[in-house]
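Student: Structure incoming, see below.
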Amino acid sequence: MDLTDCLERVLELRNAPLPRTDAAVSTEGGPGYLVLDLSTSEAFWEDRSQANEVWDQFSQDFLGLTEALGGVWGPAESIDLSPVLDRAMRGEAVPALAGVLSNFVPSVSAWRFEDRSVCVGVGQWDSELPVVLVAAAGEL
């Protein structure tokens, strides 16, 4: 991970225009939110032997990025997304961004602003899929 590049990309999310309608839905966002993959590992289809090492590295990258962002925006709020996933699975309405992230990121570090939250987290959609360091902006 290139910390400087990731930091710049996350800082841009603070003022980036958020998609307004369903027509803007893509793999990078949806109505009212944006999600960026900052770093992605290889998939683990055939060999899971490196999975723990990869998670450790991505967790360290996440902490370094959170610390760097904290130097700009102040301390982050830690948000557990498992209650969001539970509510979504019961059919309750959840904010779109929180719902998307809760499917593969267990928690995020977030900074709240008047018009949006900006957050970073590490996740994995499935044990065989890549580990991803993500940044996102929208309503949590």
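The values are calculated or read from the model by the stated rules, or taken from the named source; none is laboratory data. Please read all numbers here as calculations on a predicted model, not as lab measurements. Note that we place each Cβ from the backbone using ideal geometry, even for glycine, and neighbour counts take in every protein chain shown.
Student: I'm told V54 meets every condition in (1) outside any strand (DSSP E or B); (2) surrounded by 18 or more Cβ atoms within 10 Å (Cβ to Cβ) except one. Can you identify the failing condition by its number?
Tutor: With (1) outside any strand (DSSP E or B); (2) surrounded by 18 or more Cβ atoms within 10 Å (Cβ to Cβ) applied to V54, the lone miss is (2).
Student: For the range 83-140, which residues satisfy the criterion of being charged (D, E, K, R) and more than 19 Å from V54 (Cβ to Cβ)?
Tutor: Pass one, the range 83-140, residues charged (D, E, K, R): 86-87, 90, 92, 112, 114-116, 126, 128, 139.
Result: D86, R87, R90, E92, R112, E114, D115, R116, E139.
Student: In a loop (DSSP other than H, G, I, E, B), among the β-branched types (V, I, T) and within 9 Å of the chain's Cα centre (by Cα): which single residue out of V134, V105 fits that description? Quick ask: steps written out before the conclusion?
Tutor: Working: V134 fails: in a loop (DSSP other than H, G, I, E, B).
That would be V105, the only listed residue that is in a loop (DSSP other than H, G, I, E, B), among the β-branched types (V, I, T) and within 9 Å of the chain's Cα centre (by Cα).
Student: Report every pair of residues separated by at least 6 positions or lying on different chains whose Cβ atoms are under 7 Å apart, first residue within the range 76-94 and without any contact (Cβ under 8 Å) to a residue 60 or more places away in the chain, second of a type in the set (K, R).
Tutor: Pairs found: E77/R112; V94/R87.
Student: Another question, then. Filter the range 68-88 down to the residues that are surrounded by 13 or more Cβ atoms within 10 Å (Cβ to Cβ) and in a helix (DSSP H, G or I) and list them by number.
Tutor: Passing the criteria: A68, L69, G70, W73, V84, L85, R87, A88.
Student: Could you check how many residues of the range 12-39 are touching a helix residue (DSSP H, G or I) at 6+ places or on another chain (Cβ under 7 Å), modelled with pLDDT under 80 and among the polar types (S, T, N, Q)?
Tutor: Of the residues in the range 12-39, the ones touching a helix residue (DSSP H, G or I) at 6+ places or on another chain (Cβ under 7 Å) are 30-36, 38-39.
Retained after the next criterion (residues that are modelled with pLDDT under 80): 30.
So of that shortlist, the ones also among the polar types (S, T, N, Q) come out as none.
Qualifying residue count, the range 12-39: 0.
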